[in-house]
């Protein structure tokens with residue numbers, strides 16, 4: 001397999017740093033041009049300039065490219081970050097860490113480590129096998145799908161810096177506290193037996209050596225572009241749908257339509273949002289249109305964020321996959337602790353904001 | 001004949017990986033025995049943390065994400 005250095009026939013990028021700088025300038029220029037351009041476009045259309053339709057169109061034509069552009073930027077940067085950190089690297093950083101520091105590190109690394117929910121189980125076992133404590137592993141598993149660049153990028157693009165930062169802080173907090181608590185409860189006995197056996201005898205197979213040191217900037221830019229192709233290529237329909245929904249109800253449905261149902265005065269709205277979120281299974285991109293519509297129509301921010309976290313972090317299919325490695329009691333504890341954490345986050349937001 | 005195993009629990013990336021390898025093997029007229037490994041205990045034997053993983057003749061050569069065409073060509077050669 002390893003006769004010579006691989007000659008991957010992907011075209012090598014020349015002067016990657018220069019091109020990166022040029023791309024950044026073009027990106028900012030495009031971003032600045034979006035608003036005047038959308039005005040120009042709407043004004044050129046044969047419709048009443050002050051009406052609902054013009055307002056909705058303006059919103060759609062400005063917001064769609066804006067969100068896509070921002071998301072592309074964030075995802076590209078994340079693709080570059082991924083060339084510095086792999087699941088293996090994260091694992092070795094976390095191995096043998098104690099509760100507390102370990103949980104904080106695991107949750108933070110969960111944001112930047114490449115993660116796909118279909119790898120949750122192999123990752124879980126790989127971590128345990130390398131001596132990462134159970135509670136620390138859970139902090140990672142909770143944070144990785146919930147607090148990721150897609151969720152943060154979209155929240156930032158649609159609702160601004162403040163909401164994205166709050167989501168980041170609260171998501172990390174839930175992951176750290178839930179993981180710490182699970183670690184304290186000493187639930188190792190509720191791992192499936194074959195997992196416990198693996199935990200006791202560390203892996204013999206070396207696994208794949210994912211060295212990242214030999215990569216140069218051409219590879220890193222390539223990884224960024226791949227990530228954009230992967231992620232933005234997949235989620236753009238959700239973004240268009242989300243913004244279209246927002247634009248569609250912009251000015252048509254009364255502003256406080258949801259206020260009585262999901263406003264901050266309805267105490268039961270937060271638990272209802274969490275419970276509703278469990279059977280729903282979609283990624284951060286899929287839930288954004290719903291979030292957009294709810295927020296625009298007067299639903300309370302805490303309730304909506306609790307709903308979003310519940311949809312992403314707690315899902316029935318994920319529990320079924322985890323059942324292969326965890327006994328029911330540990331799954332129930334995990335779900336219960338995370339749900340309570342999200343519940344608290346929802347209430348705190350509604351009270352503070 | 002080469003034995004190629006694709007490790008993964010049936011997610012879309014795993015299916016794409018299998019399709020790509022199959023297609024490339026046909027194009028290059030290489031005989032391969034392509035296996036889909038979905039059992040988690042079997043996957044863990046190869047110490048893979050990111051699926052899909054690819055095993056060529058018992059050696060793990062790739063983990064995480066759909067492999068690039070150039071990588072596939074290398075395995076088939």
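The values are calculated or read from the model by the stated rules, or taken from the named source; none is laboratory data. Not measured: the values here are computed from a predicted model. Neighbour counts run over all protein chains shown; Cβ positions are idealised from the backbone, glycine included.
Residue B:70 passes every criterion in (1) surrounded by fewer than 17 Cβ atoms within 10 Å (Cβ to Cβ); (2) more than 7 Å from every other protein chain (Cβ to nearest Cβ); (3) farther than 24 Å from residue A:124 by Cβ apart from (2). Filtering B:30, B:54 for residues that are closer than 23 Å to residue A:226 by Cβ, in contact with a strand residue (DSSP E or B) (Cβ under 9 Å, 6 or more places away or on another chain) and not in a helix (DSSP H, G or I) leaves a single hit, B:54. No other residue among A:46, A:36 is surrounded by fewer than 12 Cβ atoms within 10 Å (Cβ to Cβ), at pLDDT below 80 and out of contact with any helix residue (DSSP H, G or I) (no Cβ under 8 Å at 6 or more places or on another chain) apart from A:46. Within segment A:276-288, the set of residues being farther than 13 Å from residue A:151 by Cβ and either crowded, with 21+ Cβ neighbours inside 10 Å or not assigned by TED's automatic domain parsing to the domain that holds residue A:338 (or both) comprises just one member, A:277.
Residues that are in a helix (DSSP H, G or I) and surrounded by fewer than 24 Cβ atoms within 10 Å (Cβ to Cβ) were ranked within segment A:292-301; the one that is modelled with the highest pLDDT is A:301. Of the residues A:4, A:9, the single one that is exposed (fewer than 14 other Cβ atoms within 10 Å of the Cβ), in contact with a helix residue (DSSP H, G or I) (Cβ under 6 Å, 6 or more places away or on another chain) and either at pLDDT below 85 or more than 29 Å from residue A:63 (Cβ to Cβ) (or both) is A:9.
So, residue A:147, is that one within 14 Å of residue A:172 (Cβ to Cβ), surrounded by fewer than 21 Cβ atoms within 10 Å (Cβ to Cβ) and within 20 Å of the chain's Cα centre (by Cα) or not? So residue A:147 does not fit the description; no. Across segment A:311-327, the qualifying residues are those that are part of a helix (DSSP H, G or I) and touching a residue at least 60 places away in the same chain (Cβ under 8 Å), and the one among them that is farthest from the other protein chains (Cβ to nearest Cβ) is A:313. For residue B:6, the stated conditions do not hold, so it cannot be described as surrounded by 16 or more Cβ atoms within 10 Å (Cβ to Cβ), within 11 Å of chain A (Cβ to nearest Cβ) and either in contact with a strand residue (DSSP E or B) (Cβ under 9 Å, 6 or more places away or on another chain) or within 26 Å of residue A:326 (Cβ to Cβ) (or both).
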